[in-house]
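The values are calculated or read from the model by the stated rules, or taken from the named source; none is laboratory data. Because the structure is a prediction, the values reported are computed rather than measured. Cβ sites come from the backbone with ideal geometry, for glycine too, and all protein chains shown count toward neighbours. When the accessible area is computed, the model is the full protein with side chains, heavy atoms only, and any ligands, DNA or RNA have been set aside. Shrake-Rupley method; radii C 1.70, N 1.55, O 1.52, S 1.80 Å.
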Amino acid sequence: MLAYVFRRLAQSVAVLFVMSLLVFAGVYAVGNPIDILVNPQSDQNEIARATAALGLDRPLFEQYFVFIGHAATGDLGRSFAFNVPAIGLILERMPATLELATAAMLIAVLLGIPLGLWAGLKPRSAAGRTIMAGSILGFSLPTFWVGLMLILVFSVWLGWLPTSGRGPTANLLGIPVSFLTAEGLRHLVLPTANLALFNLSLVIRLTRSGTREAMRQDYVRFARAKGLTETRVVGVHVLRNVLVPVVTVAGVEFGSVIAFAVVTESIFAWPGMGKLLIDSINVLDRPVIVAYLCIVVALFVAINLVVDLAYSWLDPRVRPGEAR
Amino acid sequence: MTPARRIAAEFAASRIALAGLALLALVLLAALFAPWISPQNPYDLARLDLLDSRLPPGARSAAGAIHWLGTDDQGRDMLSAILYGLRTSVAVGLTSTTLALAIGVSLGLAAAWFGGWLDALLMRIADLQLSFPSILIALVLLAVLGQGLDKIVIALVAVQWAYYARTARAAALVERRKEYVDAAVALAFSNARIIFRHLLPNCLPPLLVLATVQIAAAITLEATLSFLGLGLPITQPSLGLLISNGFNYLLSGHYWISAFPGIALLLAVVSINLVADRLGEVLDPHGPQR
């Protein structure tokens, strides 16, 4: 097991390295940020001075080695637009994104599992069919458009919820969070619903098919023959087997929730790192784009690692160390 | 019964799938004939009148024409804009899916047939790519490439090819152990002939289902990227850009500018998904489930 963990760690570092190279080469190969950053009236000398000051006059591979050298010490460059360390900008925005993503994932799992169980136990009932139809719709609806319609209905027409921003935040262990203030919680509702929709549908489908599969198994028949109550059969024996794939998918999907937060944050003006990325792409703020990608890639690699380890712990039939 | 007829008959056994197919036909026809059935050419600036801007659905323009779905901030008829936008969205979805299918399947079949380092290399790249959400990869590519119809197609192809490569490889690995492949090898056919004339036709069913699903995914992804301002330029507005434009007027209650293009997008995606769902059941070797 320990050997497996180490091998996965080494793989993760390799992935990080390859991605940093690709991202750096890609992002730095195109466009000249100087055009955007310097006053258009400035003369040749000023432009040359600014280029040298930012290190943009050196060859690309040299820029990359400088970048890697700094990255090793936690310095991912200075934002061209804000003139502060890029990593600081990202880390400052990260709690907002993580709060949104966590809330969305919690909703998806806590609501999706009971709904999926219901649809799986009573597939032919009106409720079961409605749940499934809803989940198909949840898959097909374009996330960004749902966000707009949520704003239209709940903010513009009904006037119940705010349309943008995080609202006032309270500090939890030094990190600003929205869900501890009533106003912040109101700001959290629509973006969370928007971001949760896709994964809610996914969890419902997974739980439903898992439940239908499990109900046919011998152990369920045996548990019933033993005279266990239906609540116990479903709540303990079925649920435990259904949970394994759901937990795995929820873990893997957490990464894509963070990626899709880019869309939700743009709609609801949620001050997270996804909105920062879009703003940075629009002004060609390379260091911030690269820093965002490095941090997100690192986050993904970490999530995948944790999910793999959790999977082998949840389901002892999976022994990653020996399987390959 | 020929296989094609059997598949058609089984497909038609599901009423929901038939409804989806009818809807899909309607969407495709509307996209194809948009220039002829639109009430106005939405991008002919001479025909637009700012006096008509932001008219609600069903209102009459200064010239007396009825705008069934209202007008946008430029006085553009929304129904016409949606038909043109649908045309762009469908064209981008079909083009990128076809290209990705061709590239991905060729690479996947080559990986399965030749094996060795080629297989290892291609599958490593595919795995690496598939471990990141498609929207993230597309965002990065577009940040690098910039805007444009060709750029968005490149980004969509880059996002999709790995799915086809993986599926084609998996199917081909099963097929290549069969006797008809041995026979083709014994006849000393060229590698290309065996791959494309013998392996490919037998690997098609799962690829067709995947391609159908991916058209819907490509259309949605393009709309999302255009909504974020990274997809198509303003001169070729797809549904995503129309929705994005409507967002600016949403807070003042002019809902129709973004609601209706969204409904058009939804109809296109739902109809494709319904067809794909049934196609998957019918082409499944274990037979359709009811």
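Annotations
- A:Ala108 passes every criterion in (1) at pLDDT 85 or above; (2) open to solvent by 30 Å² or more (accessible area, probe 1.4 Å) apart from (2).
- Number of residues in segment B:150-175 that are surrounded by fewer than 17 Cβ atoms within 10 Å (Cβ to Cβ) and among the charged types (D, E, K, R) equals 1.
- Answer residue from segment B:222-233, given it is at the interface with chain A (Cβ under 9 Å from one of its Cβ atoms), out of contact with any Leu (no Cβ under 6 Å at 6 or more places or on another chain) and part of a helix (DSSP H, G or I) and is surrounded by the most Cβ atoms within 10 Å (Cβ to Cβ) among those: B:Phe227
- The set of residues in segment B:171-187 being closer than 21 Å to B:Leu121 by Cα and touching a residue at least 12 places away in the same chain (Cβ under 8 Å) consists of B:Ala171, B:Ala172, B:Leu173, B:Arg176.
- Residue identified as open to solvent by 80 Å² or more (accessible area, probe 1.4 Å), at pLDDT 75 or above and closer than 28 Å to B:Gln129 by Cβ among A:Phe82, A:Phe17: A:Phe17
- Of the candidates A:Thr102, A:Thr51, the single residue that is open to solvent by 50 Å² or more (accessible area, probe 1.4 Å), away from chain B (no Cβ under 14 Å), among the hydroxyl-bearing types (Ser, Thr, Tyr) and in a helix (DSSP H, G or I) is A:Thr102.
- Pairing residues of segment A:61-83 that are within 18 Å of A:Ile281 (Cβ to Cβ) with residues that are among the small types (Gly, Ala, Ser), at Cβ distances under 6 Å and at least 6 apart in sequence or on separate chains, gives A:Leu76/A:Ala86; A:Leu76/A:Ala291; A:Gly77/A:Ala86; A:Ser79/A:Ala86.
- Segment A:88-99 - residue that is under 18 Å from A:Val283 (Cβ atoms) and touching a residue at least 40 places away in the same chain (Cβ under 8 Å) and, of those, least open to solvent (accessible area, probe 1.4 Å): A:Ile90
- Flag for B:Leu274 being open to solvent by less than 30 Å² (accessible area, probe 1.4 Å) and either modelled with pLDDT under 85 or part of a helix (DSSP H, G or I) (or both): no
- Residue match in segment A:256-264 (condition: farther than 18 Å from A:Met19 by Cα, at pLDDT 80 or above and open to solvent by 10 Å² or more (accessible area, probe 1.4 Å)): yes
- Scanning segment A:119-164 for residues that are within 7 Å of another protein chain (Cβ to nearest Cβ) and part of a loop (DSSP other than H, G, I, E, B), we see that the one that is farthest from B:Thr220 (Cα to Cα) is A:Thr163.
- When residues in segment B:234-247 are screened for being in a helix (DSSP H, G or I) and either surrounded by fewer than 24 Cβ atoms within 10 Å (Cβ to Cβ) or more than 7 Å from chain A (Cβ to nearest Cβ) (or both), 8 of them pass.
- Where A:Arg129 falls short, out of the listed (1) touching a residue at least 24 places away in the same chain (Cβ under 8 Å); (2) open to solvent by 20 Å² or more (accessible area, probe 1.4 Å): (1)
- Wholly within segment B:57-149, helices (runs of 4 or more DSSP H) carrying at least 1 residues that are open to solvent by 20 Å² or more (accessible area, probe 1.4 Å) and in contact (Cβ under 8 Å) with a residue 60 or more places away in the chain: B:78-114, B:134-145
- When the test is whether a residue is without any contact (Cβ under 8 Å) to a residue 40 or more places away in the chain and closer than 25 Å to B:Val90 by Cβ, B:Ile243 passes it.
- Within segment B:248-262, considering residues that are in a helix (DSSP H, G or I) and at the interface with chain A (Cβ under 9 Å from one of its Cβ atoms), the one surrounded by the fewest Cβ atoms within 10 Å (Cβ to Cβ): B:Ala259
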